[in-house]
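A short reminder: the numbers here are calculations on the coordinates, not readings from a lab. All values derive from a computational prediction rather than experimental measurement. Quick reminder, even Gly has a Cβ in these numbers, built from the backbone with ideal geometry, and neighbours come from all protein chains shown.
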Amino acid sequence: MSTPILELRNVNKSFGPIDVLNDISLKVDAGEVLCLLGDNGAGKSTLIKTLAGVYKPTTGEVLMDGKPVDFHGPRDAQQMGISTVHQFGGTFPLMSIGRSFFIGAEPTKGFWPFKIYDRRKANEIAVKAVQEFGITRIDDGDRLIGGLSGGERQSLAIARAVHFGARVLILDEPTAALGVKQASHVLRIVLEAKKRGIAVIFITHQVTHAMAVGDHFAVLIRGAVAANFRKGEKTREEITDLMAGGEALANLGAEVESYMAAHEGHPPPVTPN
Amino acid sequence: MKNLSLGDLIRRPESGAFLGLAFVLIFFVVFGSVEFLKPAGAASWLNVAANLGIIAFPVGLLMISGELDISIGAMIPAGALTVAIITGTYDMPIWVGILGALSLGLVVGLINGFLVIRTAVPSLIVTLGTLFAVQGLILGFSVLWTGTTSVALSPAESGVIAKSIFGSFVGGSFQVTIFWWIALTALYIFYVHFSPFGNWIFAMGGDRVSARNAGIPTDKLTVTLFVLSSVSAAFVGMCQAILFNVAQVSAGMTFIFNSIIAVVVGGVLLTGGFGSIVGIFLGTITFAIVNQGIYFTTFDRNWSSLIIGVMLLLAVLMNNTFRIMALTYSPKKK
């Protein structure tokens, strides 16, 4: 196998006395989708932020193309081709599609100090980039982002990242807030990005979505990689149980029943933990 | 270039301001007279609009970027007193006084900006603090150095050149600041709507974290905008001192609310991310007409606050409606 684009080697991250990430080793190849699964609080966000250059690992190293890298902030990571798309698309509801697509990298014409933002060119490129990903409903770059559906916003953000040369695409719960149909749009775009040879890191807690696109899965539990397997090696139920912390979910039904039998039909009290 | 339709126009941020302006114009022509559109009458509201407008632009840009600056209320008299004390009391050249006034604006703007970006304190509170601090400072120093809170700056001390550039009447009753205002409008329109710089301000107000991730220097931009508003306020104060030959500690507090009203009537969203320079321009004129138009009617002038209040509420409701229309707009299937 070739050298992975991005690799984490024995990465630990702690905030003061609290250890959030515990000896994490992961890698992702070009044209591969790595699904990061985990319950809330499993350390997914911290892991993404470490990958995206927001945090520095306390110990361990991040390698890109086999060489150790040291990111000084998210811009650094971005320049090396790591793009993060957040749950809500990281876009600006009251800006036009063209303007938000080129935010921070606006095409201009003319010369300083009279550089003019080239609206027509921006709109043209933005619409073309999104349509190449199969979202043909977007055809007017002057429309406001707020008027797009959640799925279209995600798609736009992904198209934007790819347009600006992303080699590693980190998608943070892209389907969490979406309906079934919208989510399938986004999943299709993930596959399209993969086809173009982009390494995708897909963070989710929806196992169905992960199984639909993933080549490679990693389950995070309390900051550690609890399982690391390839497509087809585990069933959906097994993955769900893993995410919930081992066998807990599978045994839940039996546990409740035996409690009720012993306590005259009362369900067990819910104890906050 | 596609054809402009009514729908396209109504979805622009300034459409509410435009309708508001049309409404108050009709209102005052019906209940007052057309006098206030003739040069002598126009001067009265154009003067108000110019002084307010120069400050309303940076206040509006700050609001678009998600911040507020109310310290302008103290910066106007601070600018006026600085030039009056330096030149009027200590007899230094007028240009030193002007430079002093603008530098004070720069310093206060930097303080506001750095406090906002370095602490998580909302800018309303930060600038509320500097509003009172600067007011106390100028009050204290002007009494300490001149023994009074009303410092004179004679026309001879200002000199002919400075007087004619910053503080004279053109054509009898038009303050020269009107021309500054119009020139600044053109400058702002260019930089906010036609250069990438403006794009960054809108992005910052829309989503600051995403804007920073996209590589926009959000901190630098925030400080720049705060400096711009403080310097603009000091500039207006300085012009007034040169015009009226006197600087007073008390002037300026009304500008805080007035500039916010002008900006909001002009279609800027209070929570940031939406607005336009043309809108702020129209909002400023609308405010000035209501403020001055009452004198051309038979109404008692105390009613003007009622009109301003109602107008503000109507404008905000109207702007909300237009914004929703802009958001839900999608081109018809072809």
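Other protein chain C-beta atoms within 10 Å of residue C-beta, averaged over A:67-80: 1. Packing, taken as the mean count of other beta carbons within 10 Å per residue, orders the peptides B:63-74, B:308-319 from highest to lowest as B:63-74, B:308-319. Axis angle, to the nearest 10 degrees, between helix B:39-64 and the longest C-alpha principal axis of chain B: 70 degrees. Put simply, the amide H of B:Val170, placed in the peptide plane, has neighbours under 5 Å in B:Gln175, B:Val176, leaving out anything fewer than 5 places away on its chain.
Identify which of A:Glu124, A:Glu61, A:Glu173 has the largest mean-square fluctuation in a Gaussian network model of chain A, with springs joining Cα atoms closer than 10 Å. Judging by the Gaussian network model, the answer is A:Glu124. Each stretch of four or more DSSP H residues adds -39500 (n - 2.57); spread over every residue of chain B, this sum gives -23000 deg cm²/dmol at 222 nm. Every helix of 4 or more DSSP H residues in chain A counts as -39500 (n - 2.57), and over all residues that averages to -10000 deg cm²/dmol at 222 nm. Among beta bridges identified by DSSP and lying wholly in the protein assembly as shown, the antiparallel ones come to about 60 percent. To the nearest ten degrees, helix B:218-244 and the longest principal axis of the Cα atoms of chain B are 50 degrees apart. Hey, in the GNM for chain B with a 10 angstrom Cα cutoff, which one of B:Ala262, B:Ala247, B:Ala186 fluctuates hardest? In this elastic network of chain B, the residue with the biggest mean-square fluctuation among B:Ala262, B:Ala247, B:Ala186 is B:Ala186.
Per residue, the convex hull spanned by the Cα atoms of the protein assembly as shown measures out at 229 cubic angstrom.
When every Cα-Cα distance of chain B is counted in 10 angstrom steps from zero, the calculated P(r) takes the values 6, 25, 32, 25, 10, 2, 0, 0 percent.
For A:Ile170, the residues whose amide H sits under 5 Å from its own are A:Ser83, A:Thr84, A:Val85, A:Ile201, ignoring neighbours fewer than 5 places away on the same chain, with H placed 1.01 Å from N.
Considering only B:Ala162, B:Ala214, B:Ala49, the Gaussian network model of chain B with Cα springs below 10 Å gives its largest mean-square fluctuation to B:Ala214. The range A:143-205 and the range B:242-271 have Cα centres spaced 45 Å apart.
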